[in-house]
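> Sharing a structure here in structure tokens format.
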Amino acid sequence: MTISPNASIVILTGAGISAESGLATFRDQGGLWADHDIADVATPEGFARNPDLVCDFYNMRRGEAKQAQPNAAHYALAKLEKTWPGEVLLVTQNVDSLHERAGSKKIIHMHGELNSALCFECGSRQIWNGDLNHGEVCQNCSRPGLRPDIVWFGEMPYRMEEIGAALAQASLFISIGTSGTVYPAAGFVTEAEMNDARTVEINLESTRNPLFQESHEGKAATAVPTYVQALLTSAGF
Ligand code: OAD
């Protein structure tokens, strides 16, 4: 199906797009949730119980993400944004910065970012590149209230209104490297489909969600550039 070059596109990415950059996914064999309990490291209650454990977990992930390099899938999405005349919004569940480092500009980190700290006293967010230890002082309110700026289970993801508005306008929704198990992101395909968007999934293995009209199986670093090139070619680029 040909998509008009003026059409709006919303792309959702998950951990699978960074897998070939060496970053672990969550639910694959040997994924992060195989060795770590979600309740311990990804909930506000876990942080209240043992903040050092939680800070260590994200310090480890921040260190790994810093070493990782964007792969061909990240670069292909940056090229799509640059080339496509219509709106392209990239919504990622990932907390690494590989999309930005590949050149993507219009991006929403709905689950937060490793390179950011959030003050639970005053709510301010600040750039944070090194280790973040419990008790670190907020640059805004000077209280020792900083925590990893990660949206934990039970918390509201960032910028949901903007994402909803973009999904309402989108003619094409592309989901890449996500198991589609965590809401609200898992519900985006429903919203897109209700608004008559073409719905496409690119994943190592199909999630078998019948709401996807197209499903491309394969590793992201190969399958995403192939899909993006075909999309650009079909639109005359
Ligand atoms: P998951 O680990 O749940 O899913 C990763 C998906 O990527 C799976 O469907 C894999 O088959 C696929 N995959 C693995 N390697 C791939 C590759 N090389 N190319 C393409 N696909 C590949 O990760 P997410 O769906 O991102 O939230 O998880 C969603 C949220 O759950 C995360 O943001 C995180 C987690 O709990 C929080 O921490 C709040």
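> Count the DSSP beta bridges whose two residues both fall in the chain, then state the antiparallel fraction as a percent rounded to the nearest 5. Before the final figure, lay out the partial values.
Numbers: 7 of 29 bridges.
Beta bridges within the chain, antiparallel portion: roughly 25 percent.
> Determine which aspartates and glutamates satisfy two conditions relative to Lys106: a Cα distance under 19 Å, and not lying fewer than 8 residues away in the same chain.
Glu81, Glu87, Asp96, Glu161, Glu162
> Using a 1.4 Å probe, what is the accessible area per residue for the chain, in Å²? Please report the intermediate quantities before stating the final value.
Values: 11170 Å² over 237 residues.
The answer is 47 Å² per residue.
> May I pose another question? Report in % the part of the accessible area of the stretch 77-145 that belongs to carbon and sulfur, leaving out ligands and nucleic acids; probe 1.4 Å.
Working: 1470 of 3120 Å².
Result for the stretch 77-145: 47 percent of the exposed heavy-atom area is carbon or sulfur.
> No solvent, one uniform scatterer per C-alpha: report log10 I(q)/I(0) for the stretch 85-133 via the Debye equation at q = 0.16, 0.24 1/Å, two decimals.
-0.53, -0.96
> Any idea what the dipole of the stretch 145-216 comes to, in debye rounded to 20, about its Cα centre with Lys/Arg Cβ at +1 and Asp/Glu Cβ at -1?
Details: 4 positive and 10 negative charges, 26 e Å.
That gives the stretch 145-216 a dipole magnitude of about 120 debye.
> Run through the stretch 141-237 and list the GluC sites (Glu not before Pro) located in a DSSP loop whose Cβ has at most 15 other Cβ atoms within 10 Å. All intermediate terms of the calculation are to be shown ahead of the outcome.
Working: sites: Glu155, Glu161, Glu162, Glu191, Glu193, Glu201, Glu205, Glu214, Glu217; in loops: Glu155, Glu205.
The qualifying sites are Glu155, Glu205.
> So, one more: Would you calculate the convex hull of the Cα atoms in the stretch 157-237 and tell me its volume per residue in Å³? Provide the component values of the computation, followed by the final result.
Numbers: hull volume 8.4 nm³, N = 81.
Looking at the stretch 157-237, the number lands at 103 Å³ per residue.
> Also: Straight-line reach only, C-alpha to C-alpha below 15 angstrom: list the aspartates and glutamates that Lys82 could link to, leaving out same-chain residues fewer than 8 apart.
Hits, sequence-local ones excluded: Glu100.
> If you don't mind, there's one more thing I want to ask. So if each residue of separation counts as 0.36 nm, and I subtract the Cα-Cα distance between His134 and Arg159, what length gain in nm does that give? If you can, show how the numbers build up before the last one.
Details: separation 25, 0.36 × 25 = 9.00 nm, distance 2.63 nm.
Between His134 and Arg159, full extension yields an extra 6.4 nm.
> Do you know the relative contact order of the stretch 157-236, to the nearest whole percent, from alpha carbon pairs under 8 angstrom that are 6+ apart? Intermediate values should be presented prior to the final figure.
Details: 95 pairs, mean separation 19.5, N = 80.
In percent, rounded to a whole number, it is 24.
> Normalised by the empirical 2.2 N^0.38 Å for globular proteins, what value does the Cα Rg of the chain take?
Numbers: Rg = 18.0 Å, N = 237, 2.2 N^0.38 = 17.6 Å.
Relative to the 2.2 N^0.38 Å estimate, the chain comes out at 1.03.
> Now a separate question. In the chain, which cysteines lack any other cysteine Cβ under 4.7 Å from their own?
Those would be Cys55, since no other cysteine Cβ in the chain comes under 4.7 Å of theirs.
> Here's another thing I want to ask about it. The stretch 170-237: which trypsin sites (Lys or Arg not before Pro) are DSSP loop and have at most 10 other beta-carbon atoms within 10 angstrom? Don't skip to the end; give the middle numbers.
Values: sites: Arg198, Arg208, Lys219; in loops: Arg208, Lys219.
Hits after loop and neighbour filter: Arg208.
> At q = 0.17 Å⁻¹, work out log10 I(q)/I(0) for the stretch 4-84 with the Debye formula, treating every Cα as an identical point scatterer and leaving solvent out; two decimals please.
Those come out to -0.81, one per q.
The values are calculated or read from the model by the stated rules, or taken from the named source; none is laboratory data. Just so we're clear, the structure is a prediction, and the values are computed from it rather than from any experiment. Cβ atoms come from the backbone with ideal geometry, glycine included; neighbour counts cover every protein chain shown. Ligands, DNA and RNA are excluded from the accessible area calculation, which covers all protein heavy atoms including side chains. Shrake-Rupley method; radii C 1.70, N 1.55, O 1.52, S 1.80 Å.
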